[in-house]
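Undergrad: Okay, handing you the structure first.
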Amino acid sequence: MLANELGRRNIRVLLIDEKASTAFNPQANATQARTMEHFRRLGFADEVRALGLPADYPTDIAYFTRYTGYELARFPLPSSGAAKSRIRSLTGSWSAAELPHRVSQKWVEKVLYKHALACHSNTLRFNHRLLSFAQQPGGVTALIEDIEHGTTFTVQADFLVGADGARSLVRQSLGFQYLGESGAVRDFMGGRMHAMYLRVPDFYSASGHAPAWMNVTFNRDRRAFMAAVDGSSEFAFHTQLRADEDETGLTDADASAMFHAAMGAPVAVEILSRGTWRAGFTLVVERMQSGRIFLGGDAAHLFTPAGGLGYNTAIEDAVNLGWKLAAVVRGGAPHSLLTTYELERRPAAVRNTNYARQFADSLGANIAPPELEDDTPAGEEARARAGDYFNEHARKEFNIPGITFGCRYDASPIILADGAPPPDRANVYIPTSCPGGRAPHLWLGEDYSLYDDFGFEWTLLRLGPRPPAVTGVKAAFAEAGLKLKVVDVKDETARDIYQTDLALIRPDQVVAFRGPEIRDPRTLAARVSGYG
Ligand SMILES: Cc1cc2nc3c(=O)[nH]c(=O)nc-3n(C[C@H](O)[C@H](O)[C@H](O)COP(=O)(O)OP(=O)(O)OC[C@H]3O[C@@H](n4cnc5c(N)ncnc54)[C@H](O)[C@@H]3O)c2cc1C
């Protein structure tokens with residue numbers, strides 16, 4: 001994503017990954033609406049939305065005792081085919097250009113890779129490993145191994161970004177610690193989890209339930225969550241390991257038996273890959289910057305995947321850092337602009353990891369009663385209780401416009417704060433032009449979003465039928481090295497939503513300033529680009 005942000009701006013990038021290709025395993029399965037809006041900004045939201053489940057496949061979240069057992073609860077959500085028309089009719093918390101999309105990260109990575117590769121200033125190298133690096137006053141030197149050829153070489157760069165995952169060499173070399181909680185133990189989503197990428201051709205015929213994107217089991221011995229990957233036979237299955245289960249000795253037969261226990265039937269299963277990971281992290285690195293070196297993504301924050309926020313938070317890191325690095329590399333902006341990356345993104349990571357922890361707590365605190373699967377009145381009552389719990393839980397974990405749109409940078413020195421933003425709530429988003437948050441969205445036409453009118457860099461919105469003149473603003477921004485697009489939105493509704501005549505929007509679609517006039521364009525340009 002960062003290579004896309006920088007490549008679009010013609011900044012020379014060398015991206016290396018020690019793997020041989022983009023991900024084989026499904027990994028993350030939820031692309032949040034804000035991430036989809038960023039993909040729309042880059043021009044490939046439709047391409048991503050066409051991937052994954054079939055267009056008519058419901059993206060429901062469903063809870064079962066076992067997949068062939070009782071269905072306890074279901075949160076119905078639209079298919080990807082319906083998402084595009086559905087979003088145009090939604091308002092309030094869901095006034096957005098895009099709905100979320102349920103697609104495995106393995107396919108999103110391919111799209112990101114393809115578009116990053118198309119940027120002429122990018123060089124992308126798989127099978128290349130960062131071995132070490134050193135920072136000098138004018139740049140960073142990196143020692144890189146070409147794994148295929150068994151050779152090493154050094155690279156001199158202006159900046160280094162460690163987006164190198166949970167075991168980040170960059171973070172460890174800088175000596176930065178993750179802070180927070182790492183050992184949460186829960187009945188579910190806390191402790192060791194066994195992940196299996198499975199092919200189960202008979203799943204749908206055997207389960208007897210309507211298809212769902214996310215399939216969760218709730219019972220006393222085999223709790224699991226499982227995302228549908230292709231809507232026909234592939235699944236990403238994750239089960240909580242019990243205290244007596246030792247992952248080191250697990251055979252494929254043991255793993256299949258785990259799946260059969262969750263399924264409640266011995267259906268044919270092919271294991272495409274499997275491995276153990278740990279749930280229960282709420283961790284954010286103490287610093288995200290050391291001079292010319294930055295950390296982003298899992299290298300900077302680790303989530304319990306409840307809520308599906310890890311990769312989405314990583315995407316927003318890249319978006320935030322991308323335009324700032326480009327502004328500095330091009331020479332228009334001071335290095336102090338870069339310090340706002342950590343100032344803005346670290347609190348965002350703390351916020352998001354804490355939301356994920358709340359969802360994991362809610363899942364883990366609910367323990368199946370012994371009678372849950374009994375065909376008795378007591379069993380029926382227990383299932384009804386469990387159903388009520390999960391129906392409520394699902395709406396909290398999977399209807400999260402507040403989390404996805406409501407991230408704010410109020411304390412940032414490049415935001416001209418004014419007014420009081422709405423409270424931060426997971427499930428409610430109140431559009432506001434209060435500087436520091438996402439620009440309010442509105443539709444200007446059939447599938448034509450206000451965001452589609454924004455410039456790729458800075459945008460000044462002149463709102464309503466009689467907006468004030470903005471003489472000299474474009475020139476002042478150009479002097480500061482900032483490209484500004486002035487957009488007139490004569491629509492009264494836009495003026496009503498924004499509650500202001502002028503709104504200055506950053507390249508990441510965050511409102512930097514609003515007001516009835518711009519008295520001193522030079523000071524404004526200097527402030528928002530980090531000159532203080
Ligand atoms: C079961 C599960 C489900 C999840 N579901 C969701 C979800 O629904 N939504 C969501 O938002 N998130 C989810 N996540 C989290 C998501 O997968 C991660 O947050 C995301 O992959 C982080 O991306 P990243 O680029 O920071 O790190 P990674 O994806 O880990 O990528 C780091 C890359 O760095 C490379 N690398 C490491 N060291 C070096 C080196 N020295 N030299 C060169 N390359 C190196 C690695 O090969 C790797 O490709 C889930 C995670 C799990 C475990």
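The values are calculated or read from the model by the stated rules, or taken from the named source; none is laboratory data. Here the structure is a predicted model, which is why all the values come from computation and not from measurement. Backbone-built Cβ (ideal geometry, glycine too); neighbour counts: all protein chains shown. Each accessible area value is taken on the protein alone, full model and side chains, heavy atoms only, with ligands, DNA and RNA left out. Shrake-Rupley method; radii C 1.70, N 1.55, O 1.52, S 1.80 Å.
Undergrad: Pull out a ≥ b ≥ c, the square roots of the eigenvalues of the alpha-carbon gyration tensor of the stretch 142-240, then state rounded if a/c is under 1.5, prolate if not and a/b is larger than b/c, and oblate in the remaining case. Please report the intermediate quantities before stating the final value.
TA: Working: a/c = 3.61, a/b = 1.84, b/c = 1.96.
Cα axes put the stretch 142-240 in the oblate bin.
Undergrad: Further question: Given +1 on the Cβ of Lys and Arg, -1 on the Cβ of Asp and Glu, and no further charges, what dipole in debye does the stretch 370-410 carry about its Cα centre, rounded to the nearest 20? Walk me through the numbers before you get to the answer.
TA: Details: 5 positive and 10 negative charges, 96 e Å.
Roughly 460 debye for the stretch 370-410.
Undergrad: Further question on the same structure: Could you tally the net charge around T304, taking each other residue with its Cβ under 10 Å from the Cβ of T304, Lys/Arg +1 and Asp/Glu -1? Each step should come with its number before you reach the end.
TA: Values: positive: R186, R278, R357; negative: E181, D361.
Every neighbour counted, the sum reads +1.
Undergrad: Moving on to the next point. Tell me the relative contact order for the stretch 292-376 as a rounded percent, counting alpha carbon contacts under 8 Å between residues six or more apart. Could the numbers behind the result be given before it?
TA: On the way: 55 pairs, mean separation 29.8, N = 85.
Once divided by the residue count of the stretch 292-376, the mean separation gives 35 percent.
Undergrad: Describe numerically, in nm with one decimal, the distance between label points set 7 Å from Cα along Cα→Cβ at N127 and at N354.
TA: If labels sit at N127 and N354, their model points lie 4.6 nm apart.
Undergrad: Go through the stretch 226-290 and name the GluC sites (Glu not before Pro) that are in a DSSP coil and have 10 or fewer other Cβ atoms within 10 Å of their Cβ.
TA: On the way: sites: E234, E245, E247, E270, E286; in loops: E245, E286.
Here no loop site has a sparse enough neighbourhood.
Undergrad: Please give the helix 80-89 orientation as an angle from the longest Cα principal axis of the chain, in degrees from 0 to 90, rounded to the nearest 10.
TA: Roughly 50 degrees, rounded to the nearest 10.
Undergrad: Residues of the stretch 18-55 with backbone nitrogen within less than 17 Å of a virtual label 7 Å along the Cα-to-Cβ line of A82, please, listed as ranges.
TA: 53-55
Undergrad: Same structure, new question: Under 1.5 on a/c is rounded, so check that first for the stretch 42-148, then, if it is not, pick prolate when a/b is larger than b/c and oblate when it is not; a ≥ b ≥ c are the square roots of the alpha carbon gyration tensor eigenvalues. Intermediate results must be reported in sequence, preceding the final value.
TA: Values: a/c = 2.74, a/b = 1.93, b/c = 1.42.
It comes out prolate by the Cα gyration axes.
Undergrad: Still on this structure, please answer the following. Answer with one residue from S273, Y204, L241: the one whose Cα lies farthest towards the positive end of the charge dipole of the stretch 191-294, charges on Cβ with Lys, Arg +1 and Asp, Glu -1.
TA: L241
Undergrad: Same structure, new question: Would you mind getting me the FRET efficiency between V486 and D252? Use the beta-carbon distance for r and R0 = 51 Å, nearest 0.05.
TA: Numbers: r = 62 Å, r/R0 = 1.21.
Efficiency computed from Cβ-Cβ geometry: 0.25.
Undergrad: List the residues whose amide H sits under 5 Å from the amide H of L77, counting only those 5 or more places along or on another chain, with H placed 1.01 Å from N in the peptide plane.
TA: Residues meeting the criterion, in which the H sits 1.01 Å from N, are T59, D60, I61.
Undergrad: If the reach is capped at under 20 angstrom between alpha carbons, list the lysines near K490, excluding any in the same chain fewer than eight residues apart.
TA: The qualifying lysines are K474.
Undergrad: Determine the share of the chain's accessible area contributed by carbon and sulfur atoms, expressed in whole percent, with a 1.4 angstrom probe.
TA: On the way: 11170 of 21250 Å².
Percent of accessible area from carbon and sulfur atoms in the chain: 53.
Undergrad: May I pose another question? About the Cα centre of the stretch 349-423, what is the dipole size in debye to 20, counting +1 per Lys and Arg Cβ and -1 per Asp and Glu Cβ, all else neutral? Can you show the working numbers first?
TA: Values: 7 positive and 12 negative charges, 123 e Å.
The calculation lands at about 600 debye.
Undergrad: By how many degrees, 0 to 90 and rounded to 10, does the Cα axis of helix 336-365 deviate from the longest principal axis of the chain?
TA: Compared with the principal axis, the helix lies near 20 degrees.
Undergrad: Related question: Filter the GluC sites (Glu not before Pro) in the stretch 462-532 to those in DSSP coil with at most 13 other Cβ atoms within 10 Å of their Cβ, and list the result.
TA: E517
Undergrad: Using modelled amide H (1.01 Å from N, peptide plane; none on Pro or chain starts), what sits under 5 Å from the amide H of L72, excluding residues fewer than 5 places away?
TA: Y63, F64, T65
Undergrad: Separate question: Can you work out ³J(HN,Hα) from phi for every residue in the stretch 286-300, in order, using Karplus 6.51 cos²θ - 1.76 cosθ + 1.60 and θ = phi - 60°, giving whole Hz and x for Gly and Pro?
TA: 5, 9, 10, 8, 9, x, 9, 10, 10, 10, x, x, 4, 4, 10
Undergrad: With the contact rule set at Cα under 8 Å and sequence spacing of 6 or more, what percent relative contact order holds for the chain? Working shown, then result.
TA: Working: 1139 pairs, mean separation 83.3, N = 532.
Normalised by residue count, the contact order of the chain is 16 percent.
Undergrad: Taking a ≥ b ≥ c as the square roots of the eigenvalues of the Cα gyration tensor of the stretch 87-214, is the shape rounded (a/c under 1.5), prolate (a/b larger than b/c) or oblate? Kindly include the intermediate steps, with their values, before the conclusion.
TA: On the way: a/c = 1.85, a/b = 1.65, b/c = 1.12.
Here the stretch 87-214 falls in the prolate category.
Undergrad: Additional query: Angle, helix 252-263 long axis vs. longest principal axis of the chain, Cα atoms, 0 to 90°, nearest 10?
TA: Roughly 90 degrees between the two axes.
Undergrad: Kindly write out, for the stretch 205-221 in residue order, the coupling ³J(HN,Hα) from the Karplus curve 6.51 cos²θ - 1.76 cosθ + 1.60 (θ = phi - 60°), rounded to whole Hz, with x marking Gly and Pro.
TA: Computed from phi, the couplings for the stretch 205-221 are 5, 6, 6, x, 10, 5, x, 9, 6, 10, 10, 10, 9, 9, 7, 8, 10 Hz.
Undergrad: Could you give the size of the charge dipole of the chain about its Cα centre, using +1 on the Cβ of each K and R and -1 on the Cβ of each D and E, expressed in debye and rounded to the nearest 20?
TA: Working: 57 positive and 62 negative charges, 370 e Å.
The calculated dipole for the chain is roughly 1780 debye.
Undergrad: Of the options G406, A384, A394, report the single residue whose Cα projects farthest towards the positive end of the charge dipole of the stretch 383-437 (beta-carbon charges: Lys, Arg +1; Asp, Glu -1).
TA: Sorting the options by dipole projection puts first A384.
Undergrad: Show me, for the stretch 303-317, the HN-Hα J-couplings you get by feeding each phi into the Karplus relation (A = 6.51, B = -1.76, C = 1.60, θ = phi - 60°), rounded to Hz, glycine and proline as x.
TA: 10, 7, x, 4, x, x, 10, x, 5, 5, 5, 4, 4, 5, 4
Undergrad: Still on this structure, please answer the following. With Cβ to Cβ distances under 9 Å as the rule, what net charge do the other residues near P467 carry (K, R +1; D, E -1)?
TA: Working: positive: R462, R466, K490, R495; negative: D488, D501.
Computed value for this residue: +2.
Undergrad: Charges on Cβ only, +1 for Lys and Arg, -1 for Asp and Glu, centred on the Cα centroid of the stretch 326-392; of T339, A349, S362, which one is farthest towards the dipole's positive end?
TA: T339
Undergrad: At 222 nm, what value in deg cm²/dmol follows for the chain if DSSP H runs of at least 4 each add -39500 (n - 2.57) and the sum is divided by all its residues, to the nearest 500?
TA: Values: 16 runs with 170 residues, N = 532.
Calculated at 222 nm, the ellipticity per residue is -9500 deg cm²/dmol.
Undergrad: Another question about this same structure. Along each of the three principal axes of the Cα atoms of the chain, give the extent in whole Å, ordering the values from largest to smallest.
TA: Projected onto its principal axes, the Cα set of the chain covers 76, 60, 36 Å.
Undergrad: When the label point is put 7 Å from the Cα of R395 along its Cα-to-beta-carbon vector, which residues of the stretch 305-323 have a backbone N closer than 19 Å?
TA: Inside the label zone: 307.
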